[in-house]
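Report on the following structure.
The values are calculated or read from the model by the stated rules, or taken from the named source; none is laboratory data. Given the structure is predicted, the values throughout are model-derived calculations rather than measurements. Cβ coordinates were reconstructed from backbone atoms using ideal geometry, including for glycine residues, and neighbour counts include every protein chain displayed. Just so you know, the surface numbers come from the protein's heavy atoms only, side chains and all, with ligands and any DNA or RNA stripped out. Shrake-Rupley method; radii C 1.70, N 1.55, O 1.52, S 1.80 Å.
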Amino acid sequence: MTVSVMIVDDHPIWRDGVARDLAEHGFDVRATAADADAAVRIAGTVRPDVVLMDLNLGDTSGVVATRSITRDLPETRVLVLSASGEHSDVLEAVKAGASGYLVKSASVRELVDAVHRTADGDPVFTAGLAGMVLGEYRRMADAPAAGEPPPRLTERETDVLRLVAKGLTAKQIADRLVISHRTVENHVQSTLRKLQLHNRVELARYAIEHGLDREEE
Amino acid sequence: MSTSPALRDPATPLWWGTIVLRWVTLAFALGALLVYRSGYDRPGLAWAAFGVMAAWSLVTTLTFARESLRLRSLVVADVVVTCGVMLTSQQVLSDQQFAETAPLVTTVWASVAPLTAGARFGAVGGVLAGLVMAVCTGLARLEFDLDVARDGVLLTASGLLIGITATTARRSQATLAQAMRTEAATAERERLARSIHDSVLQVLARVRRRGAELGGEAAELARLAGEQEIALRALVSTEPSGPAGGDADLRAALQLLATPSVQVSGPAGDVRLPATVVTELVAVAKEALSNVERHAGPAAKAWVLLEDVVLTIRDDGPGIPPGRLEAAEAEGHLGVAMSIRGRVNDLGGTSTLETAPGAGTEWELRVPRPRQRRRGSR
């Protein structure tokens, strides 16, 4: 089945280039958007399998668009394709529901592979993202926060994330820890899911506390 | 930009205070002269001394009002002139007046010199001038009793306080100026980063992607474009370094080591450590990476991971055969491994090297956590 894709990026040179690369590799590029508002609107209409999201979108952040799209369109997955320096934005986007992150400097082959994996529902977990997720769990454990106790990594999950962050492939990790390839994927998936769930709970709590939940209706 | 406050001496109000005080005390000295002149041994000399005081008040007013003329030599001269005038009291006052503890010729006018010295040289200068003035008071009266001691304490204390105030004002101003410079540099960097992101980086990224597909010479150009793209991205996303002796963000500093074959990972927020530790750890990481480049072959990739205060540098090269490092050490080659170990030890940290043929090498460097560690939340 052909995977349908939407590309969100405010730079025409890059956007058109990625659109062409993906079309050449058999993807159905349904739409492109240059800003967050248009991205949310158009995604609701064309309902792509995968949204490739840049985070640096001028005024509005791609994080906001990622949150709306993953909330309103459960069938659509968001893959962040962003510059390497935007660490905190990437982390926020992943917490908001993005299922993976690829740097813009990745090769076409890596990009094609990542879009396929995202469409299949697998996380795209680069070493860079693993480092950030590890750091985020540590930050939450260190910072005394009000409300919901922060999620924790199991020992196994920490081991797996650490190996991903050190550049080992899923197969190498499976070999080293003597577990199956699928189990490695599940551990990785679970670290993300816990983070996203916690983020949703925290946002909801914040909204209720500040009376924002009524405004949205 | 308007005139930067960094260019003005923050102690200027203190200088104006001393100028005003000098004229007020001069009037006081005139009053004392009129009251006591009938009892003086040498009223003529008293008038002459007063003339010198008035002239010197005028000189210091004209000079100390201007920042560029607040010369060290003039401030020293102020102390000398004040002492000189004060010592004429020996000839001017009669024995009876000394016995009645009548005021010296300079009266409270003498208290201004320690203040200017404090404003110019800080606490130490103020105290020294105060002490000199106290000794002169004693010499002028040719006795050191409780009154002289009290004057000495007051003169020294006022010099000390003004000195502390001037130094504090200058320090706060220096801090403020540094903060303003950092802010200006950050704003400028953000502007540059936006503009580079919007133009150069987009084109470089495109050249790299398309060139890699075309192959041949174009692929080589693409590779070069890719290197520059990564370097430029890292450069514009790094914060300017703070004042020396402060702390710095190790995360951002490591990011500069990223190349197409070196992936740098770490927390999304800052990792604040003392600037010296950051500099040293980055140097160690560089050393490990250059070793990878030398020994692991051109196709080898490397990963740098920063986790709290643990830094890992791994490569997927051929690894080091067992005994190789020990052999080198035994032959007296202080190789890279020794150098890395030594540098981390000097930071009070520990290092481990894991390697096996075919399994690459992995350095794990652990440094002590600073006690009052500040963590960037984002």
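Can you find even one residue in the range B:119-129 that is over 41 Å from the mean Cα position of the chain (by Cα) and either within 21 Å of B:PRO13 (Cα to Cα) or hydroxyl-bearing (Ser, Thr, Tyr) (or both)? Full working, then the answer.
Taking the range B:119-129 as the starting set, the residues that turn out to be over 41 Å from the mean Cα position of the chain (by Cα) are none.
So far as the range B:119-129 goes, no, none of its residues is over 41 Å from the mean Cα position of the chain (by Cα) and either within 21 Å of B:PRO13 (Cα to Cα) or hydroxyl-bearing (Ser, Thr, Tyr) (or both).
Restricting the first residue to the range B:94-108 and requiring it to be within 17 Å of B:SER57 (Cβ to Cβ), which pairs with a second residue that is at pLDDT 90 or above and open to solvent by 70 Å² or more (accessible area, probe 1.4 Å) meet a Cβ separation below 8 Å and a spacing of at least six or different chains?
Filtered contacts from the range B:94-108: B:THR107/B:PHE28; B:VAL108/B:PHE28.
Under 6 Å between Cβ atoms, which residue pairs at least 6 apart in sequence (or on different chains) link something in the range B:28-50 that is under 19 Å from B:VAL112 (Cβ atoms) with a partner that is of a type in the set (Gly, Ala, Ser) and outside any loop (DSSP other than H, G, I, E, B)?
B:LEU33/B:ALA46
Right, A:THR45: open to solvent by 20 Å² or more (accessible area, probe 1.4 Å), within 15 Å of A:ALA93 (Cβ to Cβ) and of a type in the set (Val, Ile, Thr) or not?
Values: open to solvent by 20 Å² or more (accessible area, probe 1.4 Å): yes; within 15 Å of A:ALA93 (Cβ to Cβ): no; of a type in the set (Val, Ile, Thr): yes.
Spelling it out, it is not the case that A:THR45 is open to solvent by 20 Å² or more (accessible area, probe 1.4 Å), within 15 Å of A:ALA93 (Cβ to Cβ) and of a type in the set (Val, Ile, Thr).
Identify, by number, the condition in (1) closer than 30 Å to B:ALA129 by Cα; (2) loosely packed, with under 13 Cβ neighbours inside 10 Å that B:THR156 doesn't meet.
(2)
Residues being at pLDDT 70 or above and buried (at least 18 other Cβ atoms within 10 Å of the Cβ): count how many of those fall in the range B:236-246. Steps first, answer last, please.
Narrowing the range B:236-246 to residues at pLDDT 70 or above: B:236, B:246.
This time we only want the ones that are buried (at least 18 other Cβ atoms within 10 Å of the Cβ), so: B:236.
Number of matching residues: 1.
Can you name the condition, by its number, that A:SER105 falls short on among (1) within 14 Å of chain B (Cβ to nearest Cβ); (2) outside any helix (DSSP H, G or I); (3) crowded, with 24+ Cβ neighbours inside 10 Å?
(3)
Any residue that is assigned to a helix (DSSP H, G or I) and within 14 Å of chain A (Cβ to nearest Cβ) - is there at least one of those in the range B:178-188?
no
In the range B:154-174, what count of residues is obtained for those that are more than 13 Å from the chain's Cα centre (by Cα), of a type in the set (Ser, Thr, Tyr) and farther than 12 Å from B:VAL112 by Cα?
Of the range B:154-174, the ones more than 13 Å from the chain's Cα centre (by Cα) are B:154-169.
Now restrict to residues that are of a type in the set (Ser, Thr, Tyr): B:156, B:158, B:165, B:167-168.
Now drop any that are not farther than 12 Å from B:VAL112 by Cα, which leaves B:165, B:167-168.
Counting residues in the range B:154-174 that are more than 13 Å from the chain's Cα centre (by Cα), of a type in the set (Ser, Thr, Tyr) and farther than 12 Å from B:VAL112 by Cα gives 3.
Output the residues belonging to the range A:111-135 that are open to solvent by 10 Å² or more (accessible area, probe 1.4 Å), more than 7 Å from chain B (Cβ to nearest Cβ) and either farther than 17 Å from A:VAL184 by Cβ or part of a helix (DSSP H, G or I) (or both).
A:VAL112, A:ASP113, A:HIS116, A:ARG117, A:ALA119
Six or more apart or on different chains, Cβ atoms under 9 Å: show the pairs whose first residue is in the range B:358-378 and within 9 Å of another protein chain (Cβ to nearest Cβ) and whose second is at pLDDT below 85 and assigned to a strand (DSSP E or B).
B:GLU362/B:THR355
Which residues, taken from the range A:136-185, are within 14 Å of chain B (Cβ to nearest Cβ) and at positive phi?
Across the range A:136-185, the qualifying residue is only A:GLY167.
Results for (1) open to solvent by 40 Å² or more (accessible area, probe 1.4 Å); (2) within 11 Å of another protein chain (Cβ to nearest Cβ); (3) out of contact with any Lys or Arg (no Cβ under 6 Å at 6 or more places or on another chain), shown as yes or no for each residue.
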| position | (1), (2), (3) |
| --- | --- |
| B:LEU192 | yes, no, yes |
| B:VAL203 | yes, yes, yes |
| B:ALA234 | no, yes, yes |
| B:ALA275 | no, no, yes |
| B:ALA299 | yes, no, yes |
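Return yes or no: is B:ALA129 within 14 Å of another protein chain (Cβ to nearest Cβ), in contact (Cβ under 8 Å) with a residue 24 or more places away in the chain and surrounded by 20 or more Cβ atoms within 10 Å (Cβ to Cβ)?
Numbers: within 14 Å of another protein chain (Cβ to nearest Cβ): no; in contact (Cβ under 8 Å) with a residue 24 or more places away in the chain: yes; surrounded by 20 or more Cβ atoms within 10 Å (Cβ to Cβ): yes.
Here the answer is no, as B:ALA129 does not meet what is asked.
Can you tell me which of B:VAL24, B:VAL59, B:VAL20, B:VAL81 is without any contact (Cβ under 8 Å) to a residue 60 or more places away in the chain, hydrophobic (A, V, I, L, M, F, W, C) and buried (at least 17 other Cβ atoms within 10 Å of the Cβ)? Step through it out loud before you land on a result.
Values: B:VAL24 fails: buried (at least 17 other Cβ atoms within 10 Å of the Cβ); B:VAL59 fails: buried (at least 17 other Cβ atoms within 10 Å of the Cβ); B:VAL20 fails: buried (at least 17 other Cβ atoms within 10 Å of the Cβ).
The match here is B:VAL81.
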